[in-house]
Amino acid sequence: RLLHGDLVRVELKQLRIDPAIFRKIMRIGLPAGIQSAIFSVSNIIIQSAINSLGTVVMAASSAAFNIEIIAYDVLNSFSQACTTFVGQNYGAGKIDRCKKTMLLSLGEDIIASAIAIVIVLLTGKYLLAIFNNDPQVIEIGYSRLLILFGSYIFSLTYEILSGYLRGFGISLVPAILTLFGVCGV
């Protein structure tokens, strides 16, 4: 016995992997792991290409990334919330609320992301100057922000759809959506 008490009792001989639960974990976890790996590999490829463009572009890209990630966190938070609420409603058998959750998440994400993007675009050059005050770095970094934010409507759409599907325990399709979203957008 590892622990013995009124609330918890764990016995070594009873510890084992349940094959059905293990398969379910792998069915959900493996595509999510592959999705994360694809995202990481694509970032390495992009960073390698950026590094070949010189130190000014590297500095601009790095500064812009630090600003862009704030707006992405807004976008991604709605996807995570969608997954949670869809999962809860699906588990409770309230399927009609799942679609409503997805639509509300999408609408709210569009509004919140638009606000975040407008704020970043209005203050972007000042924010970039916090990281590097070289005018060339600021201009290139700001151009990067404009390009990235132009694709955010696509990003938030596939993120919300992915979150919706994950709420149902479907993980392969969201991984494929992310693959196309990251590599195609």
Mind checking which residues of the range 171-185 are in contact with a Leu (Cβ under 7 Å, 6 or more places away or on another chain) and within 24 Å of GLY54 (Cα to Cα)? none
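Looking at PHE168, PHE149, which one is among the aromatic types (Phe, Trp, Tyr), touching a Leu at 6+ places or on another chain (Cβ under 8 Å) and at pLDDT 85 or above?
On the way: PHE168 fails: touching a Leu at 6+ places or on another chain (Cβ under 8 Å).
Checking each option against the conditions leaves just PHE149.
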When the residues of the range 92-110 are filtered to those that are out of contact with any helix residue (DSSP H, G or I) (no Cβ under 9 Å at 6 or more places or on another chain) and not aliphatic (A, V, I, L, M), which remaining residue is surrounded by the most Cβ atoms within 10 Å (Cβ to Cβ)? GLY107
Filter the range 68-121 for residues that are among the charged types (D, E, K, R), farther than 23 Å from ALA32 by Cα and more than 18 Å from the chain's Cα centre (by Cα) and give the result. LYS94, ASP96, ARG97, LYS100
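Quick check on the range 40-58. Is at least one of its residues part of a helix (DSSP H, G or I), under 18 Å from the mean Cα position of the chain (by Cα) and within 18 Å of LEU161 (Cα to Cα)? Step through it out loud before you land on a result.
Of all residues in the range 40-58, those part of a helix (DSSP H, G or I) come to 40-51, 55-58.
Applying the additional criterion that residues be under 18 Å from the mean Cα position of the chain (by Cα) yields 40-44, 46.
Okay, now just the ones that are also within 18 Å of LEU161 (Cα to Cα), so none.
No: zero hits.
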Does at least one position in the range 146-166 carry a residue that is of a type outside the set (A, V, I, L, M, F, W, C), buried (at least 22 other Cβ atoms within 10 Å of the Cβ) and touching a Cys at 6+ places or on another chain (Cβ under 8 Å)? yes
Within the range 131-172, take every residue that is without any contact (Cβ under 8 Å) to a residue 60 or more places away in the chain and under 15 Å from the mean Cα position of the chain (by Cα) and give me the one that is nearest to SER62 (Cα to Cα). SER151
Does TYR90 satisfy being touching a Cys at 6+ places or on another chain (Cβ under 7 Å) and part of a helix (DSSP H, G or I)? yes
Of the residues in the range 167-185, those that are outside any helix (DSSP H, G or I) and either surrounded by 14 or more Cβ atoms within 10 Å (Cβ to Cβ) or of a type in the set (A, V, I, L, M) (or both) come to PHE168, ILE170, SER171, VAL185
Could you please tell me which pairs satisfy a Cβ distance under 7 Å, a separation of 6+ or placement on different chains, a first residue in the range 1-21 that is modelled with pLDDT under 80, and a second residue that is in a helix (DSSP H, G or I) and surrounded by fewer than 10 Cβ atoms within 10 Å (Cβ to Cβ)? LEU2/LEU12
Inside the range 75-91, can you point out the residues that are farther than 16 Å from GLY169 by Cα and buried (at least 19 other Cβ atoms within 10 Å of the Cβ)? LEU75, PHE78
Name every residue in the range 130-145 that is surrounded by fewer than 16 Cβ atoms within 10 Å (Cβ to Cβ) and assigned to a helix (DSSP H, G or I), in order of residue number. ILE130, PRO135, GLN136, GLU139, SER143
Starting from the range 75-92, keep only residues that are of a type in the set (A, V, I, L, M), then list their pairs with residues that are not in a helix (DSSP H, G or I) whose Cβ atoms are within a distance under 7 Å, requiring at least 6 positions of separation or different chains. VAL86/PHE168
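The values are calculated or read from the model by the stated rules, or taken from the named source; none is laboratory data. For clarity, every value in this text was computed on a predicted model and none was experimentally measured. With ideal geometry, Cβ positions are generated from the backbone for all residues, glycine too; neighbour counts draw on all protein chains shown.
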